[in-house]
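Comments concern the structure below.
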Amino acid sequence: MNTEIFGISAMFALTTVLSLPLGRYIAKVYAGDKTLLDAFMNPVDKLLYKFSGINIRTEMNWKQHMIALLTINMMWFLLGMFILMNQGGLPLNPDANTDQSPDLAFNTAISFLVNCNLQHYSGETGVSYISQLFLMFLQFVTAGTGMAAAAVLFIALKERTTQHLGNFYYFFVRSCTRILLPVSIIVATILVFNGTPMTFEGKDTIVNVQGDTVQVSTGPVAAFVAIKHVGTNGGGYFGTNSAHPLENPNYFTNMTQMIAQMIIPFAMVFALGYFLQRKKMAKMMFSVMTAGFLILTIPTIYWEMKGNPALGQMGIDLSAGAMEGKETRIGSAASGFWSIATTVISTGSVNSMHDSSMPLSGMMELLSMMTNAFYGGVGAGILNFFIFIILAVFISGLMVGRTPELLGKKIEAREMKIAMIVALFHPLLILAGTALATTFPEITTPTLNNPGFHGFSEILYEYTSASANNGSGFEGLGDNNLWWNISTGFVLIFSRYLPIIGPVAIAGLLAGKKYTPESAGTLRTDSGTFGVMILAVIVIITALSFFPALTLGPIAEYFSMM
């Protein structure tokens, strides 16, 4: 077996194995059971509750959960706008970076607020240290809000009939202090010992391999990079993200960062199984997600390792694969794997330039975000997949002539309407945004570095990344202007909160319904057959929604290249 493929396979297997005990631990955290970290973190939690005046014993229904989530997010947005627009005059700015413009600050604050980190600026030159620290704070708390929403879903599916779904702030704080912070500390420690900077000093002076004396940005990089992956945020401290040698120094840190971005999304699936005491259901969900992931990943690695045939016809050696836009210390196989992992999981970090991927690899990266159902981000991934479970239950029930039920609760018209709105809103945002951008070429054409099919792919990728809360980009697009900052900003808002509110609303409605014990006639939702049904629903919705747009972009580019 190729050593690169072996390394990737071993890393994926290790992530899966580690996610099992982590999933059990997460289930204990949300159930309120005693854990090893309680002795250290209970005083921290109590201090936060006391300072904020929060009574965690107050039970909330699903509407109160969402009001709390939206209110606290609005406060973070306003604070983020203030810091970004005034960073030039604030402390911790040794490199004298200037204030962001109002439209760029709007886009930056929104994108970090919604766990997307769609950066329309270059990391080390676009923000000061104090802005980096605030954005790092948002990477913790926005991941925590998504996980808290998932915890509400856990409670709603477990309880037989109730309106009481726990306390949002309790789930939110425990997500941050019990899960995100400890894992981030482990990852950051590994990065520091492998050469990633962790300092508040300004630029460092070095002599490069050409003998030139240059200034290199440093800063609190290790802490930023750790939570950007653990929280599936993805924003790069440096402009080139995890392709930068200080952000991702070697092959070992590359593997560490891939594990970091995958482990909690994996573990959340198993946590659901442990929490509901339905391990078979969790295995079915994980199998469906993994099947979808592998369908996207294996061809991408093959195409990237095979290289560009047009270059081969020129007599250029392709033994290393398609290496344009990639780092030699990482290689084409690991870069191809990362490109799908980061788009499937909605992290959005990159260790190679997706704009330089082979055309069909770019299509797979787009499909990963368009399906938006395989693993997904921390918390939000479970919520997205829950929508497809609802759709599959309803369709399966109609096919076999039974009343659609999930875990003893009937799926009725109101739940289906919400599920369909959420499922169709994602392609609507992507396709409507792309259509508007191509309708006004006088605005968007000057921002494209590539004409024709690839230029269309750049536009399609930008809105797909925004709608999927991903944050990666086809970086041939000059996206720091009024059009891209405002249009993608609104896509980010709608694509974050509706897919959270919708599933939580369905879960809340189901929790309030009468519980019907399962019988021999109940449609089993933990079987392999039902898993195939879910995968079919995901594929059909994605194919019907996006195939025409993909034919105008990466598919047309592939055939033109051939």
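The values are calculated or read from the model by the stated rules, or taken from the named source; none is laboratory data. These numbers come from a predicted model, not from an experiment. Note: ideal-geometry Cβ built from the backbone for every residue, glycine included; neighbour counts use all protein chains shown.
Some notes on this structure:
- Qualifying residue in region 539-559 (condition: over 25 Å from residue 116 (Cβ atoms), at pLDDT 90 or above, outside any loop (DSSP other than H, G, I, E, B) and in contact with a Pro (Cβ under 6 Å, 6 or more places away or on another chain)): yes
Residue-by-condition table, conditions (1) farther than 20 Å from residue 371 by Cβ; (2) within 27 Å of the chain's Cα centre (by Cα); (3) in contact (Cβ under 8 Å) with a residue 40 or more places away in the chain; (4) surrounded by 15 or more Cβ atoms within 10 Å (Cβ to Cβ):
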| position | (1), (2), (3), (4) |
| --- | --- |
| 401 | yes, no, no, no |
| 404 | yes, no, yes, yes |
| 421 | no, yes, yes, no |
| 431 | no, yes, yes, yes |
| 434 | no, yes, yes, yes |
| 441 | yes, no, no, no |
| 448 | yes, yes, no, yes |
| 457 | no, yes, yes, yes |
| 460 | no, yes, yes, yes |
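- Those helices (runs of 4 or more DSSP H) lying entirely in region 93-210 with at least 2 residues within 17 Å of residue 232 (Cβ to Cβ) and either among the hydroxyl-bearing types (Ser, Thr, Tyr) or in contact with a helix residue (DSSP H, G or I) (Cβ under 7 Å, 6 or more places away or on another chain) (or both): 102-113, 129-158, 181-192
- All of (1) touching a residue at least 12 places away in the same chain (Cβ under 8 Å); (2) more than 28 Å from residue 172 (Cβ to Cβ) hold for residue 387 with one exception: (2).
- Some residue of region 391-412 being over 30 Å from residue 530 (Cβ atoms) and not β-branched (Val, Ile, Thr): no
- Breaking point among (1) under 27 Å from residue 553 (Cβ atoms); (2) not in a helix (DSSP H, G or I), for residue 403: (1)
- From the options 84, 92, 48, residue that is on the phi > 0 side of the Ramachandran plot and touching a residue at least 12 places away in the same chain (Cβ under 8 Å): 92
- Within region 293-339, the set of residues being more than 23 Å from the chain's Cα centre (by Cα) and among the aliphatic types (A, V, I, L, M) comprises 305, 310, 311, 314, 316, 318, 320, 322, 323.
- Answer residue from region 222-251, given it is under 24 Å from residue 356 (Cβ atoms) and of a type in the set (Val, Ile, Thr) and is surrounded by the most Cβ atoms within 10 Å (Cβ to Cβ) among those: 232
- Pick from region 297-333, criterion acidic (Asp, Glu) and part of a loop (DSSP other than H, G, I, E, B), ranking: surrounded by the fewest Cβ atoms within 10 Å (Cβ to Cβ): 317
- Among residues of region 242-275 being polar (S, T, N, Q) and in a helix (DSSP H, G or I), the one that is nearest to the chain's Cα centre (by Cα) is 261.
- Subset of region 528-562 [of a type in the set (Val, Ile, Thr) and either under 16 Å from residue 361 (Cα atoms) or in contact with a Phe, Trp or Tyr (Cβ under 9 Å, 6 or more places away or on another chain) (or both)]: 534, 537, 538, 541, 551, 555
- Selection from region 309-318 of residues that are within 21 Å of residue 5 (Cα to Cα) and in contact (Cβ under 8 Å) with a residue 12 or more places away in the chain: 318
- Considering residues of region 280-296 that are of a type outside the set (A, V, I, L, M) and touching an Asp or Glu at 6+ places or on another chain (Cβ under 9 Å) only, the residue surrounded by the fewest Cβ atoms within 10 Å (Cβ to Cβ): 280
- Index of the failed condition, residue 183 passing every other in (1) within 30 Å of residue 56 (Cα to Cα); (2) more than 20 Å from the chain's Cα centre (by Cα): (2)
- Meets criteria (under 22 Å from the mean Cα position of the chain (by Cα), of a type outside the set (Val, Ile, Thr) and either farther than 24 Å from residue 468 by Cβ or crowded, with 22+ Cβ neighbours inside 10 Å (or both)) for residue 167: no
- If you go through region 39-63 and pick out every residue that is of a type in the set (D, E, K, R) and under 28 Å from the mean Cα position of the chain (by Cα), you end up with 2.
- Scan of region 83-112 for residues that are closer than 19 Å to residue 140 by Cβ and surrounded by fewer than 23 Cβ atoms within 10 Å (Cβ to Cβ), ordered by number: 83, 92
- Among all residues of region 215-234, there is at least one that is outside any loop (DSSP other than H, G, I, E, B), free of Cβ contacts under 8 Å to residues at least 24 places away in the same chain and over 30 Å from residue 507 (Cα atoms).
- Top-ranked residue of region 6-27 - restricted to ones that are closer than 22 Å to residue 306 by Cβ and surrounded by fewer than 16 Cβ atoms within 10 Å (Cβ to Cβ), ranked as nearest to the chain's Cα centre (by Cα): 9
- Candidates are the residues of region 206-221 that are modelled with pLDDT under 90 and under 19 Å from residue 92 (Cα atoms); the one that is surrounded by the most Cβ atoms within 10 Å (Cβ to Cβ) is 219.
- Those residues of region 119-150 which are crowded, with 24+ Cβ neighbours inside 10 Å and under 20 Å from residue 260 (Cβ atoms), in sequence order: 119, 135, 138, 139, 142, 143, 144, 145, 146, 147, 150
- Matching residues, region 39-71, being surrounded by 17 or more Cβ atoms within 10 Å (Cβ to Cβ) and under 30 Å from residue 101 (Cα atoms): 68, 69
- Filtered by the rule that a residue be farther than 22 Å from residue 552 by Cβ, in contact with a helix residue (DSSP H, G or I) (Cβ under 6 Å, 6 or more places away or on another chain) and assigned to a helix (DSSP H, G or I), region 342-383 gives 344, 380, 381, 382, 383.
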